[in-house]
Every structure is written in structure tokens, then in C-alpha cells.
1. For the stretch 149-178, which positions are part of a helix (DSSP H, G or I) and under 11 Å from Tyr211 (Cα atoms)?
2. Have a look at Ala426, Ala420 and point out the one that is in contact with an Asp or Glu (Cβ under 6 Å, 6 or more places away or on another chain) and buried (at least 19 other Cβ atoms within 10 Å of the Cβ).
3. Give the residues of the stretch 510-524 that are part of a helix (DSSP H, G or I) and touching a Leu at 6+ places or on another chain (Cβ under 9 Å), sorted by residue number.
4. Scan Asp274, Asp316 and give me the residue that is surrounded by 16 or more Cβ atoms within 10 Å (Cβ to Cβ), touching a residue at least 40 places away in the same chain (Cβ under 8 Å) and charged (D, E, K, R).
5. For the stretch 144-162, enumerate the residues that are crowded, with 19+ Cβ neighbours inside 10 Å and closer than 25 Å to Lys199 by Cβ.
6. Output yes when any residue across the stretch 252-260 is of a type in the set (Gly, Ala, Ser), within 22 Å of the chain's Cα centre (by Cα), farther than 21 Å from Pro139 by Cα and surrounded by fewer than 17 Cβ atoms within 10 Å (Cβ to Cβ), and no when none is.
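The values are calculated or read from the model by the stated rules, or taken from the named source; none is laboratory data. Since we're looking at a predicted model, the values are computed, not measured. Don't worry about glycine lacking a Cβ; one is built from the backbone with ideal geometry, like all the others, and counts go over all protein chains shown.
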Amino acid sequence: MSRIPAAKRRRLSPPEANGSASLPPSKDHTSSFFSNAAKWDLEQDYEQRPRKSKQKQKENGRLPVRTTDGWAEQKPVPEAAKNEEEDSDSFLGTGSEREEEEAVAEETVEQTPKVPQRQQILEAKEELARIASLLNEDPEEHIGALRTLAQLAASDNVTVRKLALATQIAVFKNLIPGYRIRPLAEENMTDKVSKEVRKLRAFEQKLVSGYQAYVQDLAKLAKSSGYTTSEGTASLATVAISCACNLLLAVPHFNFRGEILKILIGKLSTKRVDNDFTKCRETLETLFQNDEDGNATLDAVTMLTKMMKAKHYNFDESVLNTFLHLRLLSEFSQKASYNSVDKPSDQPYQGKKIKEKREFRTKKQRKLLKERKAIEKEMEQADAIVGHEERDRMQAESLKMVFVAYFRILKARSQKLMGAVLEGLAKYAHLINQDFFGDILEALRDMISQQELLAGADEEEDSDEEDTEAPQRNASRESLLCVITAFALLQGQDGATATSTLKLDLSFFIKHLYRTLHPVSLNPDIERSSKSLHLPDPNAPESASQNLIQNKVNVQTTVVLLIRSLSSILMPPTAIRAVPPVRLAAFCKQLMTISLQLPEKSCTAMLGLLNQVTKTHGRKVSALWNTEERRGDGTFDPFKAEIESSNPFAATVWEGELLRKHYCPTVRDAVSGIERNILDAR
């Protein structure tokens, strides 16, 4: 039922004393009203009057929150904040209002105080240490902190970015497992797995994504190395390259190894050799020495060969010398060329196997043995034991890529890299296939012929024809390397194979070495290497001294190369070929002659080689030390082009009488040893 409104009550004014209420007030009442109004306190009345608020108090619709102290009510949202949100969402604002808001925002930004740089670094250090400790304590729980580290690495402060990059590499080295994480397909994401497996998968995927972002950041920063004049950018590039090198050595098995190798090889492709360049080269050398399975080595060698071809073999020599640090030099036993690898000669036995005596086992023993073999197989797979076959396959592919690089440089005739190529071929000679012999020997003959033509030309013509950008080549050193490589190819083969199948004519290299004995012995820097403490010659051209100083890999001196070449000719393996007596006598006479002007150490080494020759072939050369057995059919011509026609047995080794009075006692003892060998051989 509806409610009936109450009746309105009328206000009844009290009756006037005189009964005339409707009459207007008289003048006496008006004058009394104004006289009393002056005595009123209007301010006090206004102060005591109850105030009415314009905003009605609304109810708080927010629920209470439980805290450590108990239940606490939440404060209501003020109306001003709501109005601001509504105004920001409205599209009816005028341009003048927006300009005013922007001006106010700029004033507030200018008024905010800037934090000093030193304070920023201290706060960043504390934050980085806190995040790193959390990731170290419980990485699966705080794996999301990797994103915070990435945000700190994008700071405007250069020092903070360096600290963040260094912290990230320490964290990743601690978190990365000992296996490679494969990306999950969409089908595998919906599989029903246990809670632990799901948690592990989430951790691995977040780790891989964070690691990928970190590697990409390093690649961006490393691109500016050597190309910027800003100190901050250059220092960031140096830190990025250092982090990439540490990652490659610490976790070469993990994901994105190719991206890290691109950073290093991209730096090695530049012509500028600085500290970052040296760091990348040393990292690759360490990787080649420590890589056991060969996967990382194969990737690095493949990328290096591609870079060399893309740069048209215009790079630093030390990059090519990194191939001398490969483990396959000492571990690999097969022979290869640039397009094939020889198969092992030991073939498995295919005849009828001899029946072995079978041991009696019960059914239970056979079952236990089968289970034990299955467990052992699983343990081998879990331990990731690298088989010899897989390692040999990886090393064979790496060796082919190395020979591809060497052969391409030989065909291109790159003057800057020819010495490094010859040094590498001399090291890898025992692994070169017979199919590769013809191409290498032809290239070596062409090099020696070109050097002989350049040596016979005038110096003025040479200076006009030479390229100013190309470094000055050491012709005598390269010719000795050619001779060493040619004989190392022959000595690296098996004796039976070399005598039956190989028919190599190395007389060209023997004649060239015989003709260059005198010029090489007159070289004042015959004992000097790149690591020798020696002041440069003030009268020598600058290019010659700089070339030897920059050559820091081929540390063997010229006299060492000369003795290696002579040992290959005068003391070959007996299974290959016997040395003719005329050749032995001619070389012995020439070596005794050049020993007179060699320095002390070189003279001692040369006489030591002659001591071995006379001990092995004493009967063939004994006539040189006996004047009564000298032939009287002509004279000895040491400058003859043909060794056999130089008539060495018409001469006598008179240099021994002078060397017997040498100031060095070691030289005197060496001469006495040679004479004792000659007496014993008669």
C-alpha cells in the first residue's frame, strides 16, 4: 500500500500585543532596528553557522586488504584522479588545452633533479649484484630477471652498460647447461607432461631467448670496433668483443655459436690490427687447441675460408696462421686434398670367422648381462662420449677446407700471404694426398722462377714495378720454404708407396738451393727472427724492417730454414732414394766454404749437419779431405748451374784448417768431429 503523505503544518505567528499585526511598522520600530544592528557581530554569526559541503561523501566500494598487521581498508579513489582519466580519454579537448598540458609537463621535467653519474653507477652496481645473486640462488624461480639485466644494458650511461654486459656473461656462464637446447615445436608445446618437465621447459626457453638477445646486442656493439672516433662507443665495442671471446671459449657447445663466430671473424676480416683483433685471433687459436670433438673447429674453419674468399684474400697474414694450431696436425692420420680424403687402408676381415668357445650361462645370467649392456650404452650416450669415427670425420672435413684455402691462395698468387701459405704447407705436408702433389709442385716452381727473375733484375726497375701498398717480400725465405715444402711432400709419404708409385723430379729445387747458398750466407740477418731484440738498420728501407717486425708467427730464422732444406736433400730417408756422391761432395765443399762467414751459432749448426753427413756418407766424401786422392782432371767450379758438372772431387776442403783456429771452442770441436768421422770411414 502506498504511503499517505502527512498533512502540512502551517506556521502560526503569535498575535501582536496591540492586535494590529498587518499594519506596517512604525518609524519608532525602524529607528530601533538600525540602532540595534550596529551592535550585531556578523563575523561571529557566520563562523557559527553550519557549513554545507558541495561534494557529497560517497561510499567506499573498495574491499579491505589483509596485511601483516591485520585487515586494512583501502582509501577511496579521489574524484580528481577520475576526472583526469576521463579528460585524457576524451576526444573533445582543444589545441590550446593540449599546449598548456605540454608546457606544464616540460616544466615538471625540468624541475625534477638529475641524479649524478657517480650515484647512478653505485645504484646500478647494487642492482646488478642483487639480480645476479637471485639468479645464482634459484635460477628457475628468477629467470625473468634476465629481462631486467637487458634493460640495464640499454642504459644511456656507458659505464652502466659495460657493467651490465659483464654481469650478463657471468650469469649466462653459470646458467648454461652442458648440452644444447633444441627449440620446441608447436606440437610439443601442447603435449601433456609433468609439472617438473613443464617448469624445466619454460626455464630453458626463457634462457635461450635471453641468451639470443644478449648475443644480438653484442653483435650490434662489436660492429663499431675500429670504425668510430667516440671513446664511449669504442670502449663498448671492446667490451662486447671480449664478452664474445669469453663465451666462445666457455660454452662452445651451446646455441648460437655461429653468431658468436661471426662477431670474431668479422673483426678478423678488417685490415686494422689492434687489441681487439689480437684478442679474436688468440681466441680462435685457443679454440682450435682445446676442441676435442671438432664441431666448433669445423664451423670456424668453414667461416674463415668463406671470409677469405669474400675478401679476395686481402687480409692479415696472422689470420691464415691460425690453421697451424689445429689439433688434426698431431691427431689426424689419414691423407687428404682439397676435394677428397683417403680411406683407411686397413679393411675389416671378411672371411669366415673362427667359432669361439661359448661360455655356459643360465637364463637369469643372460638376462642380467643384457640389462647391464643396455645400461652401459645409455651411460655412454648420457656422458656424450665422442667416438673416434665422428672425430675423424670432422677433422677430415676441416683438413679439406684448409687445403681449399691454401690452394686458392696459391692460384691467386697473393704476395702478402705467400709466406704463410708455404709455412702451412710445410706443416701439413705429411697429410697431403698424392693427387695434390702436381698442383703444389707446379705452383712452387712458378714462385721460385719469379723470384729468380726479380733477383736478376735491376733495383730501379723493381722499385717501379712493385706495388706501393704491397709489403716487401723476403725472397730468400720464401724460396727456402718452397724447397722445404717440396721435400716434405715426399718425406710425408710411406716409404714403399713413395718408391713404387711416386715419380717426383725434385732436381729443380736442389739446383736452386745450391745456387742460393752463397747469397743466403752473406745475409746479416740470418739469425734474426721477429722476436729478436735488434735495432733496425738506419740505412735499410723502412718496409724491410717493418715486414720482419710484423711477421710474428713464422718465428724460425733463415738459418733454421736453410738447415732444414739441406737436411731434406743430404739426409733423406733410406727408403726413398740414395744421394749421389757427386751431389754430396759438392754440397759439403760449399757448406765448409760458407761456414767461414757465418755467425757463431749458425756456424756451429752448419758444422753439426756436416758431422751427421760425414758419419752417414763418410766413404762417399772422404776424398775431399785427402789431397793424395784428389783428381787431376780439371778444376772445381762452385758457380756452375749443374751440380754434377761442377767437378767437386777436384777440390780440397782447406777451410777446416781455418775453422780449427776459430775463437769459439764449440766450432773447433765440431771440426775435429768431422775429421774423426772421415778417418773412421776409410
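1. Listed by number, the residues that qualify are Ala150, Gln168, Ile169, Val171, Phe172, Lys173, Leu175.
2. Within the list Ala426, Ala420, the selection yields Ala420.
3. Selection gives Leu513, Leu517, Val520, Ser521.
4. Asp316 is the lone residue from the list that is surrounded by 16 or more Cβ atoms within 10 Å (Cβ to Cβ), touching a residue at least 40 places away in the same chain (Cβ under 8 Å) and charged (D, E, K, R).
5. Leu146, Leu149, listed by residue number.
6. Initial filter on the stretch 252-260 (of a type in the set (Gly, Ala, Ser)): 258.
Now restrict to residues that are within 22 Å of the chain's Cα centre (by Cα): 258.
Restricting the remaining residues to those that are farther than 21 Å from Pro139 by Cα gives 258.
Within this subset, residues satisfying the condition of being surrounded by fewer than 17 Cβ atoms within 10 Å (Cβ to Cβ) are 258.
The answer is yes; a qualifying residue exists.
Residue-wise test of (1) within 30 Å of Pro177 (Cβ to Cβ); (2) in the same structural domain as Tyr227 (by TED's automatic domain parsing).
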{"position": "Asn246", "(1), (2)": "yes, yes"}
{"position": "Pro252", "(1), (2)": "yes, yes"}
{"position": "Asn255", "(1), (2)": "yes, yes"}
{"position": "Glu259", "(1), (2)": "yes, yes"}
{"position": "Thr278", "(1), (2)": "no, yes"}
{"position": "Phe315", "(1), (2)": "no, no"}
{"position": "His325", "(1), (2)": "yes, no"}
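Yes or no, residue by residue, for (1) in a helix (DSSP H, G or I); (2) β-branched (Val, Ile, Thr); (3) in contact with a strand residue (DSSP E or B) (Cβ under 6 Å, 6 or more places away or on another chain):
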site	(1), (2), (3)
Met379	yes, no, no
Val402	yes, yes, no
Gln415	no, no, no
Glu423	yes, no, no
Asp446	yes, no, no
